[in-house]
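The values are calculated or read from the model by the stated rules, or taken from the named source; none is laboratory data. Since we're looking at a predicted model, the values are computed, not measured. All Cβ positions, even for glycine, are placed from backbone atoms using ideal geometry, and neighbour counts span all protein chains on display.
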Protein chains: 2
Amino acid sequence: VNVTILGAGSWGRTVALLLIKRGHRVTLWGRANAALAAAPYDQTHDLNAALQCDVLAIALPVQQIHSVLVAATFPKSAPYVLSLAKGIEQERLLRVSQICTRDIPGFSSGRFAALSGPTLADEVARGLPATAVVASESDETAKLIQHEFSGPALRLYTSRDLTGVELAGALKNVIALAAGICAGLKLGQNVLGALVTRGLTEMTRLGEALGGQSATFSGLAGLGDLVTTCTSSMSRNRTVGERIAGGEGLDDILQSLGEVAEGVWTATAALEIAKQHSLEMPITAEVCRVLYESKDPTAAIHDLMTRSLKSETDAYVSSTLSRG
Amino acid sequence: VNVTILGAGSWGRTVALLLIKRGHRVTLWGRANAALAAAPYDQTHDLNAALQCDVLAIALPVQQIHSVLVAATFPKSAPYVLSLAKGIEQERLLRVSQICTRDIPGFSSGRFAALSGPTLADEVARGLPATAVVASESDETAKLIQHEFSGPALRLYTSRDLTGVELAGALKNVIALAAGICAGLKLGQNVLGALVTRGLTEMTRLGEALGGQSATFSGLAGLGDLVTTCTSSMSRNRTVGERIAGGEGLDDILQSLGEVAEGVWTATAALEIAKQHSLEMPITAEVCRVLYESKDPTAAIHDLMTRSLKSETDAYVSSTLSRG
């Protein structure tokens, strides 16, 4: 099949190479990039020409998708759209599937799928084994993507829980920011274990409120991706947290990062959605305070351990917390 | 209160120091150990005298508990018993609570509690924050232990799910062996995320079959401890897996390890229990093959990825796996 990938970041380029190995024809649309010069895929800067494809894979920063889509003229028979992005649009509080439905004229959500899971680009590019979930409201669409995109090094499973898979991929980046802060403060692995546990609870709570399934959050696209992102030095979101804890300013970090750390934008969006649903997201709230209100990272983690661990009692029958 | 700790390993010694800081009187019973010479707690080699206490904390290797208990003469008014050990007795397939009920004459299970969670001894000893669960069939017993053992650096939550908490602590050591094998083979963090996800599913399945609650496995004593143990170089079980992957023999590793890696013994016990309940535990089964049947670690992980990831489909609605 003909696949166009919007976005020339590390994940977009990695997927492009995988697809070429699978025998597909791949066109990459993105900013000029020296790293692409010798690449084996077609490159174009003509957005409308790029849309003449069977599958349009979106590997753009989530905050940029809207402006790209509204600048495009889609062909009458729109392609399947596959999201490779993990985040929530800050302005309209939309998942990628919702952005597409609103911004592509006449687009049917049944032609949309999201690919999400523990897939650090660097490892996938090196041929290390990885797994992920392809979610769509349409079984046929999910199976089509699964069939065309999976290979021996990237095993794909289908899911109907599009909402859960998209939210899991977005929200884990926020928890990874907190994991990075803990790593930067050298708090150790005991705290990491507690953070991942409470983080998954917090992600699942919001996901279920928005119609996602808890099994999705316990699966590869939830827990799996969360563990990978919170433990890898290759994770940009974790790196941002680590550098914040080291005393650097957010703007300086983002400018030197090279690629986008989606959690920085998704954190405020998630908190806003949680407020609309009267849900508490203590980790996300502390991450926002550190990022946008200059709260001291040590104080944030202290408040988080105290606060978040009080709510751990919810998870146990007849639990109580002594001596605060 | 007067606390006796059976076992002078790193966790027993760490808990002893915490209790002394809390103002308790602590007696440590264990093998002679040069590291203990200057320690601020009483030491004894007289087992029966050591049992004259309010709380008996068991920090022995699980496979040794039976022989110590049956050699002891308990006072008429038996102390509370707190398990600090994480494993399953290989011979009788018993959890620590079951060992105590069988081996201490007239012992009431209501006086038993288990402390489990992400508590790497080295980090707790350094005063880094940690959290854990105290589980007992009796609320009063759990609250007593919580009250006497918790402090600012070790926050304790109570649970009634003794079965779940004991099994979670035991089974995560087996998954940590597999995580160590993956680390030794340099398979990366994408595989780790998948392994933790499938590992928790496998642990939960056995735990629920034996009467534990799935919420326990999603909590600190389950997921929390699993993440910590699978990611820390201080974990003995993870270290054993890493060294096995590096080509060392199990006997050599165990002899040079200094302390016990409980997962090595718990793996076969868990597999035996799973068989009795007709449950599949693919990760545990592959760990046993590597440890006891000299299976090549690379082949084991390959079979595991293929096999375990086929079963990931269980977790998703209407999932299918294409091209194996």
- prompt: So which residues in the range B:216-263 are hydrophobic (A, V, I, L, M, F, W, C), in contact (Cβ under 8 Å) with a residue 60 or more places away in the chain, assigned to a helix (DSSP H, G or I) and under 24 Å from B:A125 (Cβ atoms), if there are any at all?
  reply: B:L220, B:A221, B:V227, B:V240
- line: Those residues of the range B:40-71 that are of a type in the set (G, A, S), surrounded by fewer than 17 Cβ atoms within 10 Å (Cβ to Cβ) and within 25 Å of the chain's Cα centre (by Cα) come to a total of 2
task: Please specify each residue of the range B:132-143 satisfying the condition of being of a type outside the set (G, A, S), farther than 14 Å from B:T216 by Cα and either surrounded by 24 or more Cβ atoms within 10 Å (Cβ to Cβ) or in contact (Cβ under 8 Å) with a residue 40 or more places away in the chain (or both).
output: B:T141
query: Out of curiosity, is A:T204 within 14 Å of another protein chain (Cβ to nearest Cβ), touching a residue at least 60 places away in the same chain (Cβ under 8 Å), crowded, with 20+ Cβ neighbours inside 10 Å and in contact with a Ser or Thr (Cβ under 6 Å, 6 or more places away or on another chain)?
result: no
query: If you go through the range A:163-176 one residue at a time, do you hit one that is outside any helix (DSSP H, G or I), within 10 Å of chain B (Cβ to nearest Cβ) and touching a residue at least 12 places away in the same chain (Cβ under 8 Å)?
result: no
message: What's the number of the only condition in (1) crowded, with 16+ Cβ neighbours inside 10 Å; (2) more than 26 Å from B:S109 (Cα to Cα); (3) without any contact (Cβ under 8 Å) to a residue 40 or more places away in the chain that B:G23 fails to meet?
response: (1)
- prompt: Going by the conditions given, is B:G127 more than 14 Å from chain A (Cβ to nearest Cβ) and in a loop (DSSP other than H, G, I, E, B)?
  reply: no
- prompt: Out of (1) free of Cβ contacts under 8 Å to residues at least 40 places away in the same chain; (2) under 30 Å from B:K186 (Cβ atoms); (3) assigned to a loop (DSSP other than H, G, I, E, B), the odd one out for A:Q146 is which?
  reply: (3)
- request: Restricting attention to the range B:130-143, report how many residues are of a type outside the set (S, T, Y) and part of a strand (DSSP E or B).
  value: 5
Filtered residue count, the range B:73-93, keeping only those that are touching a strand residue (DSSP E or B) at 6+ places or on another chain (Cβ under 9 Å), part of a loop (DSSP other than H, G, I, E, B) and among the small types (G, A, S): 2
- request: Filter the range B:94-124 down to residues that are surrounded by 20 or more Cβ atoms within 10 Å (Cβ to Cβ) and in a loop (DSSP other than H, G, I, E, B) and give me whichever is farthest from the other protein chains (Cβ to nearest Cβ).
  value: B:I104
message: Quick check on the range B:219-235: of everything there that is surrounded by fewer than 24 Cβ atoms within 10 Å (Cβ to Cβ) and more than 7 Å from chain A (Cβ to nearest Cβ), which residue is farthest from B:E262 (Cα to Cα)?
response: B:S233
query: Which condition breaks for B:N33 when tested against (1) among the polar types (S, T, N, Q); (2) at pLDDT 95 or above; (3) within 25 Å of the chain's Cα centre (by Cα)?
result: (2)
